[in-house]
1. Can you give the calculated 222 nm mean residue ellipticity of the chain, where each DSSP H run of n ≥ 4 adds -39,500 (n - 2.57) and the sum is split over every residue, rounded to the nearest 500 deg cm²/dmol?
2. How big is the antiparallel share of DSSP beta bridges in the chain, given as a percent to the nearest 5?
3. So if R0 is 35 Å, what FRET efficiency would residue 228 and residue 273 give, r being the distance between their Cβ atoms, rounded to the nearest 0.05?
4. What's the extension gain from residue 244 to residue 169 if we count 0.36 nm per residue and subtract their Cα-Cα distance?
5. Please determine, in degrees from 0 to 90 and to the nearest 10, the orientation of helix 274-285 with respect to the longest principal axis defined by the Cα atoms of the chain, where the helix direction is its Cα long axis.
6. May I ask for the angle, rounded to the nearest 10°, between helix 251-268 and the longest principal axis of the chain, with both axes built from Cα atoms and the value confined to 0 to 90°?
7. Between residue 96 and residue 197, with labels modelled 7 Å along Cα→Cβ, what's the label distance in nm to one decimal, could you check?
8. Explain nothing, just the number: relative contact order of the chain, from Cα pairs under 8 Å at least 6 residues apart, as a whole percent.
Ligand code: NAD
């Protein structure tokens with residue numbers, strides 16, 4: 001048995017079997033890990049069982065026998081409630097001493113730090129490892145994990161993260177994974193708005209999409225928002241613009257992540273201008289029909305609001 005084998009990782013309680021959680025749990029099982037799942041949504045439990053994930057009756061039952069409690073929840077408030085328990089014992093109280101609480105959700109940095117603090121206070125260990133790569137990456141096992149954890153806990157979580165992802169970055173101590181994730185996604189939101197404005201301006205100035213793409217993709221404006229997720233159809237055949245902006249990365253998730261970035265900007269007193277503006281632009285995009293569209297669909301709003 002090697003240090004990185006599923007056999008000596010112990011049982012993994014996988015809580016939150018939604019769009020991301022279910023395929024991640026399935027990949028762990030396929031790789032030989034001992035996984036017990038749970039979701040508050042009966043339909044998610046049923047779907048997970050059908051996909052081969054054994055499920056417990058409730059979260060505490062799943063966590064009781066686990067050495068790692070992995071969470072993939074919608075928000076930090078839900079995570080903290082599950083840890084503390086609401087009107088009943090929480091996960092931290094019922095789990096065996098020294099359980100490793102590994103949160104892979106995307107949540108507020110302050111909430112991630114609080115989650116780690118109360119886990120440690122209860123005699124456990126904690127790590128945050130939010131992901132990028134979306135449902136496609138979750139299914140293919142090609143996610144990127146941004147990890148905030150004590151160096152001593154990396155050996156236990158690395159083997160399972162390597163199954164679910166292809167790139168792991170240890171960003172620092174507790175909360176550092178979430179911090180890196182929102183910095184990246186704030187830049188992504190800003191760069192997509194910039195790319196979309198450049199293409200709409202190019203249209204007005206009589207440039208073809210291909211000509212502008214050929215310049216930007218090899219010049220100093222080059223970025224992922226142009227070279228991989230190009231907001232106009234044509235130049236990058238796999239980009240969501242070629243399938244009427246079916247995500248990809250949905251506007252609702254970009255709005256959520258920019259909201260988390262905004263909280264952190266305010267908390268840290270950063271004199272940012274574009275981050276808050278991008279948060280406002282994507283909140284509006286999401287509220288006004290873009291929630292389920294790829295975030296590159298912001299180009300339609302810019303085009304529609306333009307004169308002429
Ligand atoms: P989702 O809503 O599909 O799944 C979340 C699941 O958690 C739901 O099934 C919900 O019922 C369950 N849940 C909520 N409270 C629970 C509790 N107390 N116990 C057990 N289960 C509970 O969301 P998702 O798309 O799978 O995203 C999960 C996380 O990953 C989010 O934080 C999201 O921001 C992040 N993320 C999502 C994507 C994506 O493309 N979907 C990409 C990167 C990161």
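Coordinate-derived values only; no laboratory data. Note that the structure is a prediction, hence the values are computed from the model and not measured. Cβ placement follows ideal geometry from the backbone for every residue including glycine, while neighbour counts extend to all protein chains displayed.
1. Computed ellipticity for the chain at 222 nm equals -14500 deg cm²/dmol.
2. Percentage antiparallel, nearest 5: 20.
3. After rounding to 0.05, the efficiency reads 0.85.
4. Separation in residues times 0.36 nm, less the Cα-Cα distance, equals 23.7 nm.
5. Relative to the chain, helix 274-285 is tipped by roughly 90 degrees.
6. 80 degrees
7. Reported label-point gap for residue 96 and residue 197 is 5.6 nm.
8. 13 percent
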